[in-house]
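S.K.: Below you will find the structure I want to go over with you.
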Amino acid sequence: NNPQLRKSYATPALFPIDGLDQILSQGADWLYAYTPSDGRELWRMKYGSLGLSLSSRAVFGKDLMFLCTGYSRSELQAIRLPVGTNAASHVWKYTKGAPTMSSPLLVGGELYFVSDSGGMFTCLDATTGQEIYRERLGGSHSASPMFADGHILVPDQEGTTCVIAPGRTFKLVARNKLPGRIMATPAALGDALCLRTDSALYRFSTRK
């Protein structure tokens with residue numbers, strides 16, 4: 001009954017399931033689905049382990065929903081959403097270095113994420129959850145990895161952004177350093193990249 005264990009800050013997602021738009025809301029210990037028109041609960045699913053203070057946003061692909069369960073004991077879970085008479089079900093779970101703040105990233109058939117501390121960057125097979133590689137980038141992380149211009153960008157709180165080539169072999173392309181701390185996920189604006197530190201807002205673009 002501790003209210004501190006019932007918090008969630010995760011952003012709900014609107015997603016079509018079996019021909020019906022549904023609002024998927026990640027609670028502290030359950031995943032809930034509602035109808036957008038009247039808020040009626042359609043179904044719910046327990047994560048299977050305690051989760052609280054979720055902030056990571058779920059991503060969708062490969063007919064699955066990928067989410068992190070938050071603090072206490074974070075897991076990255078792949079959930080098959082209900083279709084027809086089939087209920088929602090767990091497909092796989094992964095526990096090593098699952099983030100509590102940053103969101104996972106799906107590119108092609110691979111799912112990428114970075115741990116909060118130590119900067120362990122992990123690539124999984126999105127369909128099976130099999131670990132493809134784990135590499136230490138270092139640093140502390142709250143910003144989510146993003147995919148832009150054919151590369152994965154992974155900013156850390158110390159102001160360093162690692163540029164990584166997508167694929168099943170780890171390839172660090174570059175490390176770029178800015179003064180200040182990076183807590184927010186970068187944003188793409190046309191052919192420009194916007195990146196905010198605790199002291200400035202930067203816009204990078206290719207010179208023409």
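The values are calculated or read from the model by the stated rules, or taken from the named source; none is laboratory data. Owing to the predicted nature of the structure, the values given are computational and were not obtained by experimental measurement. So basically every Cβ, Gly included, is an ideal-geometry build from the backbone, and we count neighbours across all protein chains shown. Remember, those area values only see protein heavy atoms, side chains included, never the ligands or the DNA or RNA. Shrake-Rupley method; radii C 1.70, N 1.55, O 1.52, S 1.80 Å.
S.K.: How many Å² of accessible area per residue for region 60-208, probe 1.4 Å?
M.R.: Heavy-atom SASA per residue in region 60-208 reads 48 Å².
S.K.: Compute the distance in nm between two label points, each set 7 Å from the Cα along the Cα-to-Cβ direction, one at Ser89 and one at Glu158.
M.R.: 4.5
S.K.: Pulled fully out, how much extra length does the chain show between Ile132 and Lys7, if you take 0.36 nm times their separation in residues and subtract their Cα-Cα distance?
M.R.: Fully extending the segment from Ile132 to Lys7 adds 41.7 nm.
S.K.: What does the convex hull of the alpha-carbon atoms of region 154-208 project to on average, in nm²?
M.R.: Dividing the Cα hull surface by four gives the mean projection, 4.5 nm².
S.K.: Using the Cα atoms of region 1-154 to build a convex hull, what is its mean projected area in square nanometres?
M.R.: Here the figure is 9.7 nm², rounded to one decimal.
S.K.: For Phe147 and Met183, compute 0.36 nm times the residue count separating them, minus their Cα-Cα distance, and round to one decimal in nm.
M.R.: Answer, rounded to one decimal: 11.3 nm.
S.K.: Got the relative contact order for the chain handy, in percent, Cα pairs under 8 Å and 6 or more residues apart?
M.R.: Relative contact order, the chain: 10 percent.
S.K.: Let me ask another. Could you give the dipole magnitude of the chain about its Cα centre, charging the beta-carbon of Lys and Arg +1 and that of Asp and Glu -1, in debye to the nearest 20?
M.R.: 420
S.K.: Any chance you could get the radius of gyration and Dmax over the Cα atoms of region 43-116, in Å?
M.R.: Calculated on Cα positions, Rg and Dmax stand at 12.0, 38 Å.
S.K.: Could you tell me what percent of the accessible area of the chain is made up of carbon and sulfur, with a 1.4 Å probe and every protein chain present?
M.R.: The value for the chain is 50 percent carbon and sulfur by accessible area.
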